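Since every read-out is calculated from the coordinates, none of them should be taken as a lab result. Just so you know, these numbers come straight off a predicted model, no measurement behind them. Every residue, glycine among them, receives a Cβ derived from its backbone with ideal geometry; neighbour counts consider all protein chains shown.
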Amino acid sequence: MVLKQWLQRGGHWVKQAMPGYCAFCLAPALAGRGWCSACLFELPWNNHACRQCGDPVLHGLELCGHCLIDQPAFSTTQAGLLYQGPIKQLIHDFKFHAATRSGTLLAELMLLTPPTALGNALLSVPMHPAHARTRGFNQSRWLNERLSRQLGVPMVSARRIKNSPSQRTLNRRQRAANLADAFVFETPPPAHITIIDDVVTTGSTGHALAQAALEAGATRVDIWAAARTPLGKG
């Protein structure tokens, strides 16, 4: 299978891809796309997901157990892919190496499965200034700017005031505590906003940002991400 061959080659595939050729297998791409039909079919699509948090659920279910018990502050999550295989590598290259070719592919894949309602504005996940100076790249903002231009939807911004530790090693409860009161809006947001991000893990970041938006005057907050990490399988 072409994606298995891609995984064996490692993460340099995007650099090798030229316009007109599939970024995953280097075969001729579909017209105007960065992939071929075979690789598109083999990607880990998130076909049956919780309407609210995007976690995969059994066919026919609308909500996962977590959202039934403890509903997050955001209303819906649209994440068309799973954080697995080539998508995991794609996001890693984009997030940690600022690979804009990878970001372009992610934005194009997101546009294949857009949310049913975009709302009044798009919102990226803000970084704390100290983290921004160290990291130098905010993948959420990059995607937000790209999608805003392509869709003609304005952007709004929030500010992160809590310099909390990295979320990567924390469980769901620790992530929620880590992000409590982390975000503020300096001006009231529009009624319906959509948070743009690369990957949703537990939804803790989206929950904290949505809470801040609702407290600042928004009435509905949704999430639109490239991928969702299946809980317990990240």
Legend entry - Residues listed by number, the stretch 68-112, amide nitrogen under 18 Å from residue 216 label point at 7 Å toward C-beta: 73-75
Inset, instruction - Rounded to whole Hz and in sequence order, give me ³J(HN,Hα) for the stretch 20-35 from the Karplus expression 6.51 cos²θ - 1.76 cosθ + 1.60, θ = phi - 60°, writing x for Gly and Pro. - result: x, 10, 5, 5, 8, 10, 6, 6, x, 8, 4, 4, x, 10, x, 8
Inset, instruction - Give me the distance in nm between label points sitting 7 Å out from Cα along the Cα-to-Cβ direction at residue 181 and residue 150, one decimal. - result: 3.9
Inset, instruction - With a ≥ b ≥ c taken as the square roots of the eigenvalues of the C-alpha gyration tensor of the stretch 179-225, please select rounded if a/c is under 1.5 and otherwise prolate if a/b is larger than b/c or oblate if it is not? - result: oblate
Inset, instruction - Apply the Karplus parameterisation 6.51 cos²θ - 1.76 cosθ + 1.60, with θ equal to phi minus 60°, to every residue of the stretch 184-196 and state each ³J(HN,Hα) to the nearest whole Hz, in sequence, with x for glycine and proline. - result: 9, 10, 7, 10, x, x, x, 4, 10, 10, 10, 7, 10
